[in-house]
Amino acid sequence: MNDTSHLRGPAADFTHVSQWVFDLDNTLYPPEDALFSQIEVRMTDYVMQALNVPRHEANHLRQHYWRTYGTTLAGLMDEHGVDPAPYLTHVHEISLDHMQEDLELSTRIKSLPGRKIVFTNGTAPYAERVLAARGLSGLFDAVYGVEHANFRPKPERRAFEAVFTRDGIAPEKAAMFEDDPRNLQAPHEMGMRTIHVAPVAERAAHIHHHTDDLSGFLSRILDAKH
């Protein structure tokens, strides 16, 4: 396991934090669970049907919209006026049977002092299913999906502002855990502590810490707070 802190150690960086914001996909479960390999197939299928294009073009558009807009959905909405609700239902109808509970991570999250929320570019019902499969149900004060951000996705700052205003998150007292480095830019600008959760570190001014072991990282924060 690798754990690198680009600025200071957890003890110095999190003493003031009392609000904890977690991404869902590839953050609260390991990338090896590969949920997106299922979701991406369903995304491509939906693009094919919605735009009446062949699979190779649909797959290209799916990736292009993700790179350009932050999510495939945002591109479909902005460029084609696609209704988000049917799309979101379709792409998240995937199997979670292979996922395993993580009791250690559950204990660490439960022990964090203050308010804890999930904010995902997926939907809240999908997030609740994933949390249940990981043994993390009931640990969070709220679970927010893209529908709570007016269907605007991270990394758009207005998406964070919509959810944080709704929840009462004060960025200067908060930390953001996220696998996509793009999605840490706005939280950094808003004054949050930022933690990149991924197998490989990406060095950038808007990333304060990196870890490939979320449970272990939370353990060190908890040790520093006690």
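Just to be sure, is residue 178 within 24 Å of residue 16 (Cα to Cα), buried (at least 22 other Cβ atoms within 10 Å of the Cβ), in contact with a helix residue (DSSP H, G or I) (Cβ under 9 Å, 6 or more places away or on another chain) and at pLDDT 95 or above? Spelling it out, residue 178 is indeed within 24 Å of residue 16 (Cα to Cα), buried (at least 22 other Cβ atoms within 10 Å of the Cβ), in contact with a helix residue (DSSP H, G or I) (Cβ under 9 Å, 6 or more places away or on another chain) and at pLDDT 95 or above. Restricting the first member to region 146-163 and to residues that are within 18 Å of residue 91 (Cα to Cα) and among the hydrophobic types (A, V, I, L, M, F, W, C), and the second to residues that are open to solvent by 10 Å² or more (accessible area, probe 1.4 Å) and in a loop (DSSP other than H, G, I, E, B), the beta-carbon pairs closer than 8 Å and six or more apart or on different chains are 146/71; 146/121; 146/123; 146/152. Residues that are under 18 Å from residue 32 (Cα atoms) and of a type in the set (A, V, I, L, M) were ranked within region 89-105; the one that is most open to solvent (accessible area, probe 1.4 Å) is 103. With respect to the stated conditions, residue 220 is open to solvent by 40 Å² or more (accessible area, probe 1.4 Å) and either modelled with pLDDT under 95 or not in a helix (DSSP H, G or I) (or both). Going through 37, 18 one at a time, which residue ends up being open to solvent by 40 Å² or more (accessible area, probe 1.4 Å), among the hydroxyl-bearing types (Ser, Thr, Tyr) and at pLDDT 95 or above? Going through 37, 18 in turn, the sole match is 18.
Quick one: is residue 33 under 16 Å from the mean Cα position of the chain (by Cα) and among the acidic types (Asp, Glu)? Judged against the criteria, residue 33 is a match.
Pairs meeting the criteria (first residue in region 51-64 and within 17 Å of residue 82 (Cβ to Cβ), second residue open to solvent by 40 Å² or more (accessible area, probe 1.4 Å) and modelled with pLDDT of 95 or more, beta carbons under 6 Å, at least 6 apart or on different chains) are 58/48.
The values are calculated or read from the model by the stated rules, or taken from the named source; none is laboratory data. From a predicted model like this one, the values you see are computed outputs, not experimental measurements. Virtual Cβ from ideal backbone geometry, glycine too; neighbours counted across all protein chains shown. Quick note on the areas: whole protein, heavy atoms, side chains included, nothing else; ligands and nucleic acids left out. Shrake-Rupley method; radii C 1.70, N 1.55, O 1.52, S 1.80 Å.
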